[in-house]
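Notes to accompany the following structure.
Here, each number is a calculation from the coordinates, and none is a lab measurement. Predicted model only: the values in this text are computed from it and were never measured. FYI the Cβ positions are ideal-geometry reconstructions off the backbone, even for glycines, and counts take in every protein chain you see.
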Amino acid sequence: MITVMGATGQVGSKIVRRLSAAGEQVRAVGRNPEALARLAADGAEVVAGDAGDADFLTRAFRGADAVHTLLPYSPTAPDFRAEQARLGEAIVTAIRDSGVRSVVALSSLGADLPDGTGFIAASLYPQEQRLRALDGVDVLFLRPTLFFESIVAAVDLVEAMGVNADVVDPDVAVPMIATRDIAEVAAAALRSRDWTGVAVRELLGPRDLTYTEATRILGAAIGNPDLQYVRLPDEEMIGALVQGGFSPDTAALHVEMGHALSAGAITPHEGRTPATTTPTRFEDVVSTLLPDRQETS
Ligand SMILES: NC(=O)c1ccc[n+]([C@@H]2O[C@H](COP(=O)([O-])OP(=O)(O)OC[C@H]3O[C@@H](n4cnc5c(N)ncnc54)[C@H](OP(=O)(O)O)[C@@H]3O)[C@@H](O)[C@H]2O)c1
């Protein structure tokens, strides 16, 4: 049996579907009742609860041959680092107390850097450190780059403003990836458990794209092929994010991550190789990621 945390999310839901289709017994952990019901209909055992509750997670992990973990992203948290630590510590406690021996942990490119990368340094760097300190547990860190969904997430704002906007340099190419490709790698690793100790796998998507190129692809999908990308001053970006529901703390971390991307600070160690390159292109999936057409596979 394999337990999948974040099973109602972008990556986790696709992992569950792949595992169920391969005939694996899956325990899907999430909160959203409708999304959990859909996974149950596909054959998964579903359990609902809070990722900050170590006892709940321990029960969800107990008896699993392998567990997929993720640190749920909390953009409204007044103190993002503290909230991520609360959730991260519960996950690590549950791994220890449940006795699970194989963990595939969804992390991020740049999670090897202790500072200067915004969200990543405030959440996934410390979470990797916590997981590395576990004794007798084989942990595979998946370090994907920016999800295509993160570009599409701005679509409501894009339609309201008539442009796409962020703080990232328009001319710097950044690797971007489809969550279905991350799920493919995660599901295969959860089934094979073919690593020992601590291992890292970087996942970079099919090619690097500038925000200008990614914006054009998004624009074509929403019937606006001339859609422009505009680089905003930090204060304007923070204001727009706060208006959209981010806490001031997380908005500032978003901006710091944007500067790290512009400076080329969030880079792969392995470089682009056949092993780090994944097949799905943004133009292949962009229309399935629009809010009224969310992909599930
Ligand atoms: N977005 C990017 O570009 C990017 C790039 C690299 C790495 N990452 C990392 O990827 C992870 C996010 O993966 P994702 O996009 O697949 O996630 P997602 O779609 O945001 O889904 C989050 C999942 O976690 C669950 N969840 C959230 N808060 C919870 C809580 N308090 N208790 C229990 N469950 C909770 C959600 O359940 P319900 O919906 O049922 O509540 C959902 O299943 C983050 O760690 C992020 O840092 C993201």
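Taken as a whole, the condition of being in a helix (DSSP H, G or I) and in contact with a helix residue (DSSP H, G or I) (Cβ under 9 Å, 6 or more places away or on another chain) applies to A121. Only residues that are surrounded by fewer than 23 Cβ atoms within 10 Å (Cβ to Cβ) and within 13 Å of the ligand (Cβ to nearest atom) were counted in the stretch 18-38, giving 8. Residues being among the aromatic types (F, W, Y) and assigned to a loop (DSSP other than H, G, I, E, B) are entirely absent from the stretch 275-283. Looking only at the stretch 185-203, filter to residues that are within 14 Å of the ligand (Cβ to nearest atom) and crowded, with 18+ Cβ neighbours inside 10 Å; which one of those is nearest to R216 (Cα to Cα)? The extreme case among them is L203. Do the conditions hold for F80, that is, is it among the aromatic types (F, W, Y), over 18 Å from P126 (Cα atoms) and either surrounded by 15 or more Cβ atoms within 10 Å (Cβ to Cβ) or more than 7 Å from the ligand (Cβ to nearest atom) (or both)? Taking the combined requirement at face value, the residue does not satisfy it. Restricting the first member to the stretch 1-22 and to residues that are under 14 Å from V67 (Cβ atoms) and without any contact (Cβ under 8 Å) to a residue 12 or more places away in the chain, and the second to residues that are near the ligand (Cβ under 8 Å from one of its atoms) and among the β-branched types (V, I, T), no beta-carbon pair is closer than 8 Å while six or more apart or on different chains. Filtering the stretch 62-76 for residues that are surrounded by 16 or more Cβ atoms within 10 Å (Cβ to Cβ) and part of a helix (DSSP H, G or I) leaves an empty set. Restricting attention to the stretch 205-248, the residues that are under 16 Å from A165 (Cα atoms) and part of a helix (DSSP H, G or I) total 19.
Residues in the stretch 39-57 that are touching a helix residue (DSSP H, G or I) at 6+ places or on another chain (Cβ under 7 Å) and within 14 Å of the ligand (Cβ to nearest atom): L39, A44, V46, V47, A48, G49, D50, A51, G52, D53, A54, L57.
One residue is enough: does the stretch 162-174 have a residue meeting the conditions in contact (Cβ under 8 Å) with a residue 60 or more places away in the chain, assigned to a helix (DSSP H, G or I), more than 16 Å from the ligand (Cβ to nearest atom) and surrounded by fewer than 17 Cβ atoms within 10 Å (Cβ to Cβ)? No, every residue in the stretch 162-174 fails to be in contact (Cβ under 8 Å) with a residue 60 or more places away in the chain, assigned to a helix (DSSP H, G or I), more than 16 Å from the ligand (Cβ to nearest atom) and surrounded by fewer than 17 Cβ atoms within 10 Å (Cβ to Cβ).
Checking each residue in the stretch 121-157 for being of a type in the set (A, V, I, L, M, F, W, C), within 11 Å of the ligand (Cβ to nearest atom), touching a Leu at 6+ places or on another chain (Cβ under 7 Å) and closer than 15 Å to L253 by Cβ picks out A122, L124.
Taking the stretch 90-114 as the range and being over 17 Å from H269 (Cα atoms), outside any strand (DSSP E or B) and more than 13 Å from the ligand (Cβ to nearest atom) as the test, the residues that pass are V92, T93, I95, R96, D97, S98, G99, V100, R101. Inside the stretch 129-141, residues that are touching a strand residue (DSSP E or B) at 6+ places or on another chain (Cβ under 6 Å) and either within 19 Å of R281 (Cα to Cα) or among the charged types (D, E, K, R) (or both) make up a count of 2.
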